[in-house]
Amino acid sequence: MAEYETLAAVDLGSNSFHCQVARVVGDQIYPLDNLREPVRLGAGVGPDKLLDEAAQDRAIACLHRFGERLRGFDRRAVRAVGTNSLRVAKNAHSFLKRAQDALGFPIEVIAGREEARLIFIGVQHGLPPTRDERLVVDIGGGSTEFIVGSRFRPARLASLYMGCVSYSMRYFPEGRLTRAAFKRAELAARNELQPIASEFSSKHWVQAIGSSGTARALAEIAQANGFGDGTITPAALDRLRASLTRAGDTGHLVLTDVKPDRVPVLPGGLAILSAVLSELRIERMTVASGGMREGLLYDLLGRVHRNDMRDVTVAQFMQRYHVDAPQARRVCALAQDLYRKLAAADRDFDETDALRLGWAAKLHEIGISVAYSGYHKHSAYILEKADMPGFSRDEQAQLALLVLAHRRSIRKIHARLEGAVDWRSVLALRLAVLFYRGRTDSALPPIQPKAEGRKFRVTVDPDWLARNPLTATALREETLEWDRIGIELRVPGLEDLDTAADRSLSLSVSDD
């Protein structure tokens, strides 16, 4: 992958959308520009889990503006991600098509634990280095992430479905602020926290850090109004809560330093943060400047500099599931070589596709640890459902489909594959597995694949095929498999082998 002087991260949060542009100097990132708009995407997700048109329109208008700022960027220098609202919205897929057109770049929807990992990376890069364990809490619009770790390695990750937008809408409708409402909201948050409380309690860390706009806003408001010193404490939050309940309504707040766009989500964020401090026994929480966007930028920088978290995850999965590493490397090398030859004529060839194929090749046998029978199905299930740091949900789905299609019938899963994966990737992986069925480093003949639309031609030395009848038979069966789904695969010389075999059989019968 090429190196870039400038990178950009776009965060489609449930409360606000952010676009951060940064300059790269060596292994460091320096901010150049930051755009933020309070889109409140989470407020548009109704009880039916559908994202309403008003929220979609606000989001699309914002992304058009972000797209103008990012015009001229290479697509590999920009990473855009969606979080909780797009994880839960049933119509997220159709919205994302419009959103990507508006932004001009792909948008990934990431899992909660991946969001937590990126937040931790961003926070740690903005703090003095230490070997001590830190707790990072990030209250977003629709979810709250919890991470315990040291340096840049998270040891524990959790994501809970509670956020400042969703809680403000549910417990403080129309901005009404009462003691009873705060009590209900805090009890609900504490109930969500109980399953993870022991794992993230104060005995596991030395310092508690609050990231995201919610923590920063509450700390700043508390300090501006004389309730605290810039850190977050239970006493400061108690005084904030008392001020809000005295106002009785978000429209009547008289607190200093409250930004207008923060007012509607302030009570939900306060209730959640109060519950967090209580359940996790936090006496004092400092506030970090870094967070999700910085994490995205540093993760993207790692990809550019060949220090990709996805490579680390693949290596860990290979070890966890006892993959035959030499075989995985053989299949990976051949599959990527075949794919690059098949895609050689593409003007817009993206090396990312070859990387994805390589990861699929390295992981195609992880299901054997479950059972050999139907192992490709077990492998696909693991890849689709497991937590895979560095990978988005879409990337995991593509890996799962490639692995599912690497052997046996294509026809049975044809509908799932059509339009979802590159057929050239499927062919390259199937051929690599086929040629290395013997699981040895034996020399292979030159293999020259060629693609013309939905027609494939694979040229192999006929003499080599004649000396390797098992592979020749497998190739013959492979051509039939592709014919069943209307895609032509031809291997010149196979027909001649058939004719020679028939002729030899005929002579043998005559001699008898």
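The values are calculated or read from the model by the stated rules, or taken from the named source; none is laboratory data. Owing to the predicted nature of the structure, the values given are computational and were not obtained by experimental measurement. Note that we place each Cβ from the backbone using ideal geometry, even for glycine, and neighbour counts take in every protein chain shown.
When Gly358 is tested against (1) assigned to a helix (DSSP H, G or I); (2) touching a residue at least 60 places away in the same chain (Cβ under 8 Å); (3) closer than 30 Å to Ala9 by Cα, exactly one condition is not met: (2). Restricted to region 379-498, the set of helices (runs of 4 or more DSSP H) holding at least 2 residues that are closer than 27 Å to Asp308 by Cα and either without any contact (Cβ under 8 Å) to a residue 40 or more places away in the chain or not assigned by TED's automatic domain parsing to the domain that holds Lys97 (or both) comprises 393-404, 423-435.
Which count do you get for residues in region 7-28 that are buried (at least 17 other Cβ atoms within 10 Å of the Cβ) and part of a strand (DSSP E or B)? The qualifying residues number 13.
Out of (1) closer than 30 Å to Glu283 by Cα; (2) touching a Gly at 6+ places or on another chain (Cβ under 9 Å); (3) at pLDDT 95 or above, the odd one out for Gln56 is which? In the conditions (1) closer than 30 Å to Glu283 by Cα; (2) touching a Gly at 6+ places or on another chain (Cβ under 9 Å); (3) at pLDDT 95 or above, Gln56 misses (1) alone.
Checked against the criteria, Ala155 counts as on the phi < 0 side of the Ramachandran plot, in contact with a strand residue (DSSP E or B) (Cβ under 9 Å, 6 or more places away or on another chain), surrounded by fewer than 17 Cβ atoms within 10 Å (Cβ to Cβ) and among the small types (Gly, Ala, Ser).
Polar (S, T, N, Q) and touching a Lys or Arg at 6+ places or on another chain (Cβ under 9 Å): does that describe Thr256? So Thr256 does not fit the description; no. Is it the case that some residue within region 167-179 is over 16 Å from Glu279 (Cβ atoms), buried (at least 22 other Cβ atoms within 10 Å of the Cβ) and within 27 Å of the chain's Cα centre (by Cα)? No, that holds for no residue. Determine whether Asp422 is among the charged types (D, E, K, R) and either under 26 Å from Gly82 (Cα atoms) or surrounded by 14 or more Cβ atoms within 10 Å (Cβ to Cβ) (or both). Answer is yes for this residue. Quick check on this structure: which one of Pro449, Pro469 is at pLDDT below 95 and either surrounded by fewer than 17 Cβ atoms within 10 Å (Cβ to Cβ) or within 34 Å of the chain's Cα centre (by Cα) (or both)? Pro469 is the lone residue from the list that is at pLDDT below 95 and either surrounded by fewer than 17 Cβ atoms within 10 Å (Cβ to Cβ) or within 34 Å of the chain's Cα centre (by Cα) (or both). If the condition is being within 18 Å of Met162 (Cβ to Cβ) and acidic (Asp, Glu), then region 199-252 contributes only Glu199. Kindly check whether there is at least one residue in region 62-79 that is part of a loop (DSSP other than H, G, I, E, B), in contact with a strand residue (DSSP E or B) (Cβ under 8 Å, 6 or more places away or on another chain), closer than 30 Å to Leu127 by Cα and modelled with pLDDT of 95 or more. Yes. Are any of the residues in region 43-60 under 29 Å from Glu5 (Cβ atoms) and without any contact (Cβ under 8 Å) to a residue 60 or more places away in the chain? Taking every residue of region 43-60 in turn, none turns out to be under 29 Å from Glu5 (Cβ atoms) and without any contact (Cβ under 8 Å) to a residue 60 or more places away in the chain. Where strands (runs of 3 or more DSSP E) fall wholly inside region 116-218, the ranges with 1 or more residues that are in contact with a Gly (Cβ under 9 Å, 6 or more places away or on another chain) and of a type outside the set (Ser, Thr, Tyr) are 134-139, 144-150, 153-160. The residues of region 201-227 that are surrounded by fewer than 17 Cβ atoms within 10 Å (Cβ to Cβ), under 35 Å from the mean Cα position of the chain (by Cα) and hydrophobic (A, V, I, L, M, F, W, C) amount to a single one, Val206.
When each of Ile272, Ile282 is tested for being surrounded by 17 or more Cβ atoms within 10 Å (Cβ to Cβ), in contact (Cβ under 8 Å) with a residue 40 or more places away in the chain and part of a loop (DSSP other than H, G, I, E, B), the lone residue that passes is Ile282. When Phe105, Phe146, Phe120 are checked against the criterion of being in contact with a Pro (Cβ under 6 Å, 6 or more places away or on another chain), buried (at least 18 other Cβ atoms within 10 Å of the Cβ), touching a residue at least 12 places away in the same chain (Cβ under 8 Å) and outside the structural domain of Thr352 (by TED's automatic domain parsing), a single residue qualifies: Phe120. Can you tell me which residues in region 48-96 are loosely packed, with under 14 Cβ neighbours inside 10 Å and touching a Lys or Arg at 6+ places or on another chain (Cβ under 7 Å)? Those that are loosely packed, with under 14 Cβ neighbours inside 10 Å and touching a Lys or Arg at 6+ places or on another chain (Cβ under 7 Å): Lys49, Lys90. Within the option set Asp257, Asp299, Asp249, being of a type in the set (Asp, Glu), out of contact with any Ser or Thr (no Cβ under 8 Å at 6 or more places or on another chain) and free of Cβ contacts under 8 Å to residues at least 60 places away in the same chain holds for one residue only, Asp257. Against the conditions (1) crowded, with 19+ Cβ neighbours inside 10 Å; (2) in contact (Cβ under 8 Å) with a residue 12 or more places away in the chain; (3) outside any helix (DSSP H, G or I), Gly230 satisfies every one except (1). Being part of a helix (DSSP H, G or I), over 30 Å from Leu127 (Cα atoms) and in contact with a His (Cβ under 9 Å, 6 or more places away or on another chain) is a property that holds for Ala102. Screening region 1-59 for residues that are more than 30 Å from Arg303 (Cα to Cα) and among the hydrophobic types (A, V, I, L, M, F, W, C) and picking the one that is farthest from the chain's Cα centre (by Cα) gives Ala54.
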